[in-house]
Amino acid sequence: MSDRDEIAEQRRKNLKLIHFNHDDQSLVESEKPKETFADVGGLEDVKKKIRMNFILPLEQPEVFAAYGKHAGGSLLLFGPPGCGKTFLARAVAGEIDANFLHIELQAILSMYSGQSEHNLHDIFEKARQSKPCVIFIDELDAMGGSRHQMRQHHDRMLVNQLLLELDGLQAENDKVFVIGATNTPWYLDSALRRPGRFNHLVFVPPPEEAERETILGLKLAGKPANGLNLSKIAADTRLFSGADLDQVVKDAVESAMERTFETGIIQPITMDDLKKAVKSRKPTTLEWFSTARNYATFSDVNQDYQIVLDYAKKHSLK
Ligand SMILES: Nc1ncnc2c1ncn2[C@@H]1O[C@H](COP(=O)(O)OP(=O)(O)OP(=O)(O)O)[C@@H](O)[C@H]1O
Ligand SMILES: [Mg+2]
């Protein structure tokens, strides 16, 4: 079983357990994550967009009202795996004084067929009752495939329900914000991409060199280390995602801990540990770029993915 399957399996198990409790939290984590933007390395453009669309409208509603704009709306984060979409969305919750509902569609879909729409409706209902509120719908890839690809009738029903809920928000629900995340926005049902729904796409790219240095610093903070030159490691990790960098640090920690157990004295993480870790890893973003560039080149009627092509060109991706 792959890691991903195992995680999915684990989630299903957890869900069943919770279901027996008849706990209405079963489908949603209702929580206040402790991460803030400061924990997210780089991604300044994305943070700025989020500030403009989500944070300022809540902090200074009068400015938005003056321009006839209501506070509310949706953003769709997309990009290669491991570059911080989920992490960033969680940080939004830590950043603003609002409720945060984290929906994992996989979880909703894996519940009983026919129930998913009701569950989704309940979640939006709950959001309306707890305004201001951010609803984060992660792994949108799990649903909303284009109509003819829809595997099952009940997937279709769920998409329809989501459309209804999103339209409802636009009509009457100030102060409910929706963030979606997906690796494959091009597979999303085009109805989900119309104005007022997820029409605002935000690319979450792999970190640039300086951002990689920041992320490495964040991941190493508070750990025993000696003589690290993180800019050197950042330079050697082109196209590594945040998750790849996290893994590099974990590998390095492992080596230092092994030495610690051997010697009985706490051993600092060294440049050698990091270099060795980098050598044994490859960036996991490359495959995504080759798929994304295909879509961007051949079927991007709205030029949504020009930003991906620009990124690929800048980084001479083949
Ligand atoms: N910019 C970043 N700053 C700090 N840590 C990051 C950053 N990007 C990614 N990470 C680390 O990588 C992990 C995975 O990131 P995350 O789950 O947000 O990726 P994702 O874009 O949602 O990926 P997927 O598309 O696979 O869902 C995070 O938990 C975090 O530790
Ligand atoms: Mg994610």
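Divided by 2.2 N^0.38 Å, where N counts the residues, the Cα radius of gyration of segment 209-279 comes to 1.04.
Backbone geometry of segment 247-256 corresponds, through the Karplus equation with coefficients 6.51, -1.76 and 1.60 at θ = phi - 60°, to 3J(HN,Hα) couplings of 5, 4, 5, 4, 4, 5, 4, 4, 4, 5 Hz, x marking Gly and Pro. For Ile137, which sequence-distant residues (separation of 5 or more, or a different chain) have an amide H within less than 5 Å of its own amide H, given hydrogens modelled in the peptide plane? For Ile137, whose amide H was placed from the backbone, the distant partners under 5 Å are Ile103, Ile179, Gly180, Ala181. Between the amide H of Thr285 and those of Ser241, distances stay under 5 Å, these residues lying 5 or more places away or on another chain, with hydrogens modeled in the peptide plane. Protection proxy ranking for 175-187, 251-263, 210-222, 232-244, using the average of other Cβ atoms within 10 Å per residue and placing the highest first: 175-187, 232-244, 210-222, 251-263.
Remark: for residue pairs Lys250/Lys276; Lys85/Lys232; Lys219/Lys282; Lys85/Lys282; Lys49/Lys318; Lys219/Lys314, the C-alpha separation exceeds 22 Å in Lys85/Lys232; Lys49/Lys318; Lys219/Lys314. Modelled spin labels at Arg259 and Asn199, positioned 7 Å past Cα toward Cβ, are 5.7 nm from each other. Between the beta carbons of Leu286 and Lys34, assuming R0 = 30 Å, the FRET efficiency works out to 0.40 to the nearest 0.05.
Readers should treat all values here as calculations from the given coordinates under stated rules, not as data from a laboratory. Bear in mind the structure is a predicted one, so any value in this text is a computation, not a measurement. Cβ: placed from backbone, ideal geometry, glycine included. Neighbour counts: every protein chain shown.
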